[in-house]
Amino acid sequence: MACPFFKPARRLDAGGWDPAPRLPLGDAWAGECTAGCAEQPAEATQREVCNCGYARGRCEHFPAGMEADAVRFSMGVDGRLIYIFEKDHAPLEHGEIDAVTDPREPLASLARAFSESQRRTAAASG
């Protein structure tokens with residue numbers, strides 16, 4: 001459940017986690033905040049808040065009027081990528097997304113990060 005305002009750009013290393021926690025996007029990602037941050041959040045904030053969502057009350061940049069406070073992704077059995085916006089840990093909106101062609105940002109960047117992490121994990125285990 002990543003923050004819906006997080007726009008991942010590159011994969012981060014394991015960050016000293018041993019073992020690494022199960023993260024919503026599969027891996028830890030570095031990126032930018034699209035909620036009005038003047039500068040990129042610190043790496044620790046990106047790991048603990050941006051990557052993990054539910055930033056309302058934990059991040060000073062999270063817009064007060066925003067409905068969703070997290071977004072989750074899942075691969076359907078037919079290979080379709082599904083997004084689910086959540087509020088207070090409950091589904092708010094869901095749908096299918098094409099991570100390559102969808103124009104909604106940062107949702108599309110989050111979907112690409114999730115898809116890339118899934119492909120990397122599958123390649124490592126297979």
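Summary table below
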quantity	calculated
Of all residues making up the range 25-46, the number that are part of a loop (DSSP other than H, G, I, E, B) and either polar (S, T, N, Q) or under 30 Å from A122 (Cβ atoms) (or both)	7
Test: residue in the range 44-51 that is basic (K, R), more than 13 Å from P106 (Cβ to Cβ) and without any contact (Cβ under 8 Å) to a residue 24 or more places away in the chain	no
Failed item in (1) over 16 Å from the mean Cα position of the chain (by Cα); (2) assigned to a loop (DSSP other than H, G, I, E, B); (3) not small (G, A, S), with T121 passing the rest	(2)
Enumeration of residues in the range 59-82 that are under 14 Å from the mean Cα position of the chain (by Cα) and in contact (Cβ under 8 Å) with a residue 24 or more places away in the chain	A68, D69, A70, V71, R72, F73, L81
A9 more than 10 Å from the chain's Cα centre (by Cα) and either at pLDDT 90 or above or buried (at least 18 other Cβ atoms within 10 Å of the Cβ) (or both)	yes
Candidates E39, E43, E116, E105, filtered to the one that is surrounded by fewer than 12 Cβ atoms within 10 Å (Cβ to Cβ), in contact with a strand residue (DSSP E or B) (Cβ under 8 Å, 6 or more places away or on another chain), over 16 Å from M1 (Cβ atoms) and acidic (D, E)	E105
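The values are calculated or read from the model by the stated rules, or taken from the named source; none is laboratory data. Keep in mind the model is a prediction, meaning the values are calculated, not measured. Cβ coordinates were reconstructed from backbone atoms using ideal geometry, including for glycine residues, and neighbour counts include every protein chain displayed.
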